[in-house]
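Here's the structure we're looking at; comments come further down.
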Amino acid sequence: MAAAEAKPRLNVPPSMAAALRLDPVGAAASSLPSPSRRLAEPPKTPSPSKTTTYSDRFIPCRSSSRLHNFALLDSPSKDDTTYSRLLRAELFGPDSPRPATPASPNTNLFRYKKDHQSSAATSPFAAQHDCTAGSGDTTASPQKPPRKVPKTPHKVLDAPSLQDDFYLNLVDWSSQNMLAVGLGTCVYLWSASNSKVTKLCDLGPRDSVCAVHWSREGSYLAIGTGLGDVQIWDSSRCKRIRNMGGHQTRTGVLAWSSCILSSGSRDKNILQHDIRVPSDYVSMFSGHRSEVCGLKWSHDDRELASGGNDNQLLVWNQRSQQPVLRLTEHTAAVKAIAWSPHQQGLLASGGGTADRCIRFWNTANGNVLNSIDTGSQVCNLAWCKNVNELVSTHGYSQNQIMVWKYPSMSKVATLTGHTMRVLYLASSPDGQ
């Protein structure tokens with residue numbers, strides 16, 4: 001009977017059992033355990049209770065999200081040095097209070113502190129007080145202070161004979177940091193790098209400068225004249241390299257794309273000049289019923305926006321001789337036009353004295369996204385390159401410059417100082 005019950009404890013193949021020399025364990029076996037028996041029988045340990053659960057680590061319950069209970073702000077050093085103050089201000093903001101020194105020195109950065117306020121919050125009033133106190137917690141990200149814009153001009157340049165005409169565009173800033181200004185019959189260049197002033201040209205007593213606009217690389221300056229011509233000048237050599245006709249009267253606005261120069265005139269037409277071909281212009285856009293005073297190419301060169309004294313804002317593309325959008329919500333002349341560099345298809349436009357509004361358009365479908373009444377004639381618009389902000393200049397009746405935060409259209413700054421209408425606007429190539 002004992003021999004029949006003598007079987008190996010391990011369920012292994014017979015060949016492996018023979019190799020291991022496992023002795024049978026039964027009633028006839030010796031009372032002293034052999035090495036093979038010690039191998040076959042696992043050590044006996046007291047079994048844990050069925051309700052006990054073991055884990056490899058302890059994770060505290062943070063269902064109430066009391067993150068302020070973790071002493072992340074406690075300084076491990078006893079003295080609050082200058083470096084510690086600067087580090088704390090950089091991480092948690094300049095208004096973060098100095099944390100209290102722990103009662104017992106402990107360098108454990110992530111130690112869990114006891115919540116002393118949980119026991120006090122036993123009533124709705126106590127809970128409300130606790131919530132109010134938690135709103136000023138140093139672990140919450142502090143509110144960013146508003147950006148300060150200087151209220152005084154960085155530089156003041158004399159501009160005698162600068163015409164007070166809403167429909168002209170007499171100031172432009174090149175990508176090579178050169179400012180061009182049309183004064184009467186002359187064009188002057190001012191270098192923002194060394195403040196050097198250069199007289200580029202004089203059109204003579206029978207003509208006048210009506211528009212100036214730099215090419216994108218900043219080497220060539222286009223000039224619109226009172227006789228309706230468009231001239232191209234090499235600024236480095238102060239030499240005229242091209243004169244193109246086509247307009248019947250003054251050319252008051254110009255706009256460069258990569259290789260096409262567009263010009264708008266009092267004759268209601270928009271001409272497309274390709275400086276690579278010998279002809280004066282390659283196409284003509286006719287859609288306005290009055291003088292064209294605003295022109296801007298989109299940043300991808302696919303669309304051209306034009307504004308006129310007929311209160312219309314038109315959007316063109318290079319594949320059609322007719323406007324793809326005709327926007328008529330403005331109630332005054334549309335000179336101020338600006339494409340957003342941050343969002344494709346976002347166009348801003350401003351109306352004259354009878355309108356005073358800045359409107360934002362989605363050129364993909366022609367919908368108005370927003371409209372805001374500025375209280376003054378909108379003369380120019382320009383988007384900031386570095387941040388999503390918009391600059392507008394104004395005429396009657398406040399003559400101010402305003403910086404807006406988009407899309408909230410909250411005022412970042414209002415700059416005053418001009419005694420007449422701020423008719424011309426150009427931004428530096430670095431966007432500052």
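Annotations
- All positions within the range 378-406 that are open to solvent by less than 10 Å² (accessible area, probe 1.4 Å) and in contact (Cβ under 8 Å) with a residue 60 or more places away in the chain: C379, G395
- For the range 365-378, residues that are assigned to a strand (DSSP E or B) and either modelled with pLDDT under 95 or under 14 Å from A354 (Cβ atoms) (or both) total 2.
- Which listed residue, of R266, R319, is under 28 Å from H342 (Cβ atoms), open to solvent by 30 Å² or more (accessible area, probe 1.4 Å) and out of contact with any Leu (no Cβ under 7 Å at 6 or more places or on another chain): R319
- Cβ pairs under 8 Å, 6+ apart, first in the range 246-267 and at positive phi, second acidic (D, E): G246/D280
- The residues of the range 163-180 that are in contact with a strand residue (DSSP E or B) (Cβ under 6 Å, 6 or more places away or on another chain) and over 20 Å from K296 (Cβ atoms) amount to a single one, M178.
- Note on the range 216-255: residues that are within 13 Å of V187 (Cβ to Cβ), open to solvent by 40 Å² or more (accessible area, probe 1.4 Å) and part of a loop (DSSP other than H, G, I, E, B) amount to 1.
- Pick from the range 183-205, criterion in a loop (DSSP other than H, G, I, E, B) and of a type in the set (S, T, Y), ranking: surrounded by the most Cβ atoms within 10 Å (Cβ to Cβ): T185
- With respect to the conditions (1) open to solvent by 10 Å² or more (accessible area, probe 1.4 Å); (2) polar (S, T, N, Q); (3) assigned to a strand (DSSP E or B), T353 lacks only one, and its number is (3).
- Checked against the criterion of being under 29 Å from the mean Cα position of the chain (by Cα) and surrounded by 22 or more Cβ atoms within 10 Å (Cβ to Cβ), the range 273-283 has no qualifying residue.
- Taken over the range 196-215, the residue count meeting the criterion of being farther than 14 Å from R240 by Cβ and within 31 Å of the chain's Cα centre (by Cα) is 4.
- Single residue of A211, A180 found to be at pLDDT 95 or above, in contact with a Phe, Trp or Tyr (Cβ under 9 Å, 6 or more places away or on another chain) and open to solvent by less than 50 Å² (accessible area, probe 1.4 Å): A180
- Restricting the first member to the range 301-312 and to residues that are farther than 11 Å from K335 by Cβ and of a type in the set (D, E, K, R), and the second to residues that are open to solvent by 10 Å² or more (accessible area, probe 1.4 Å) and modelled with pLDDT of 95 or more, the beta-carbon pairs closer than 7 Å and six or more apart or on different chains are E303/T363; D310/H288; D310/R289; D310/S290.
- Taken together, E329, E389 contain a single residue that is over 18 Å from V292 (Cα atoms), among the acidic types (D, E) and in contact with a strand residue (DSSP E or B) (Cβ under 7 Å, 6 or more places away or on another chain), which is E389.
The values are calculated or read from the model by the stated rules, or taken from the named source; none is laboratory data. Since the model is a prediction, treat every value here as computed from it, not as a measurement. Glycine also receives a Cβ, built like all others from the backbone with ideal geometry; neighbour counts cover every protein chain displayed. Calculation scope for accessible area: heavy atoms of the full protein, side chains included, ligands and nucleic acids excluded. Shrake-Rupley method; radii C 1.70, N 1.55, O 1.52, S 1.80 Å.
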